[in-house]
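Undergrad: Before we start, here is the structure in question, set down as structure tokens.
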Amino acid sequence: MKEKSAFLKGMRDGFPIGLGYFAVSFSLGIIAKKGGLTPIIGFFSSLFVRASAGEYAGYTSIATHASYWELVIITVIANARYLLMNCALSQKFSSATGIVKRILVGACCTDEIFGISIAWPGYLKPAYTFGATAIAGPMWALGTALGIVAGGTLPVRAVSALSVALYGMFLAIIVPPSKKDKAVAIAVAASFALSYLFSILPVVKTISAGTRTIILTIVIAAVAAILKPVPDLPEDGGDVNE
Amino acid sequence: MSDTLRVLIYILIMILVTNGIRVLPITLIRKPIKNRFVRSFLYYVPYVTLAVMTFPAIMEATQSPIAGLAALVLGILAAFFGLGLLPVSIICCVVVFLIELFI
């Protein structure tokens, strides 16, 4: 596929992501307002950060006058899953992809952009990731700005319905490979079950959602890797993820 | 220090730290990983992490947990029968909207 058509395909897949983003970042704008962000500052802040849990933690820290170091630590914790995701993404590049494009793809990574990029068949075309971010990023930023301006005026019912758009996309990403590979299906089912248990059992339920994601991802993926490792690399080093 | 300046410093920290975390593994790992365990681990990471983030969060995102659960089940079915990102998302939103209309 040519660079241009990969970019266009990215824009098309980025649109539903942007719709889901809009609802989430709108509610984020309401919190950002409490931290004293103007719509313009909120727009650029969201455009360059693009992290739901991370921004939520950040804007709350601003509102409560946390120290700069506290903000650094909470930002690292809220976004630590991107370390794992981008370790996985680092393996999606063809050796011909230069370092600048790799870094830009890395900076584009959000939960959703990562999800569609890792689902790209074979080596990732960076243009695809850029196309998706070119659409979804500004929608995310716009949602935050409008949330700061008009927070609280959108009907609760509409916010509630829009807020599951992101999860619908996650399902569209994890279900097809679960159909093809039974080990993935079992890992996904175990993830649902353990994640639910972690949210209701005493003690562990006090762990934040971000930390829960990191712990469970590491444990479940490690167990799956031990029980059902991927086939060994062929001698010519072809792509095994296809 | 003015409030605007303080907010700008906070935001600059958020931008630098968040993108630093994103770029770090990409700059450190430039070659295909040979180790079979690490490759297997990274193969499962995306699906596991998205699954963990979806459930039970989908039930907490909606006004009524039942609506979120229904969106999860119908979303899985829609994706199982081959629908793409946008249609699955829309189905989930419509399901929540309709169910919350009646309860």
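Undergrad: Kindly check whether there is at least one residue in region A:63-82 that is open to solvent by less than 30 Å² (accessible area, probe 1.4 Å), over 20 Å from A:Leu166 (Cα atoms) and more than 7 Å from every other protein chain (Cβ to nearest Cβ).
TA: Yes - at least one qualifying residue is present in region A:63-82.
Undergrad: Of the conditions (1) surrounded by fewer than 18 Cβ atoms within 10 Å (Cβ to Cβ); (2) at the interface with another protein chain (Cβ under 9 Å from one of its Cβ atoms), A:Leu89 fails just one. Which one is it?
TA: That leaves (1) as the condition not met.
Undergrad: Just give me the residues in region A:58-84 being among the aliphatic types (A, V, I, L, M), without any contact (Cβ under 8 Å) to a residue 60 or more places away in the chain and under 20 Å from A:Thr211 (Cβ atoms), in sequence order.
TA: Matches in region A:58-84: A:Ala66, A:Leu71, A:Val72, A:Ile73, A:Ile74, A:Val76, A:Leu83.
Undergrad: Then there's this: Sort out which residues of region A:108-152 are β-branched (Val, Ile, Thr) and over 20 Å from A:Tyr59 (Cα atoms), and write them in order of number.
TA: Within region A:108-152, A:Ile113, A:Ile116, A:Ile118, A:Thr129, A:Thr133, A:Ile135 meet the criteria.
Undergrad: How many residues are open to solvent by 20 Å² or more (accessible area, probe 1.4 Å), at pLDDT 85 or above, within 9 Å of chain B (Cβ to nearest Cβ) and under 21 Å from A:Ile77 (Cβ atoms) when one looks only at region A:178-214?
TA: Total meeting the criteria: 3.
Undergrad: Separate question: What's the number of the condition B:Pro32 fails, among (1) within 18 Å of A:Val105 (Cα to Cα); (2) more than 7 Å from every other protein chain (Cβ to nearest Cβ)?
TA: (2)
Undergrad: Let me ask something else about it. Restricting attention to helices (runs of 4 or more DSSP H) lying wholly within region A:60-177, give those where 3 or more residues are modelled with pLDDT of 95 or more.
TA: Qualifying helices (runs of 4 or more DSSP H): A:99-108, A:126-150.
Undergrad: If a residue must be open to solvent by 10 Å² or more (accessible area, probe 1.4 Å) and in a loop (DSSP other than H, G, I, E, B), how many such residues does region B:40-59 contain?
TA: Number satisfying all stated conditions: 1.
Undergrad: Of everything in region A:70-106, what is charged (D, E, K, R), closer than 24 Å to B:Leu50 by Cα and over 14 Å from the mean Cα position of the chain (by Cα)? Give them in sequence order.
TA: Residues satisfying the conditions are A:Lys92, A:Arg102.
Undergrad: Among the residues of region B:39-53, is any free of Cβ contacts under 8 Å to residues at least 12 places away in the same chain and either among the basic types (Lys, Arg) or more than 7 Å from every other protein chain (Cβ to nearest Cβ) (or both)?
TA: yes
The values are calculated or read from the model by the stated rules, or taken from the named source; none is laboratory data. Small disclaimer: the values here were computed from a predicted structure and weren't measured. Note that each Cβ is placed from the backbone with ideal geometry, even for glycine, and that neighbours are counted across all protein chains shown. In case anyone asks, the SASA skips ligands and DNA or RNA and just uses the protein heavy atoms, side chains included. Shrake-Rupley method; radii C 1.70, N 1.55, O 1.52, S 1.80 Å.
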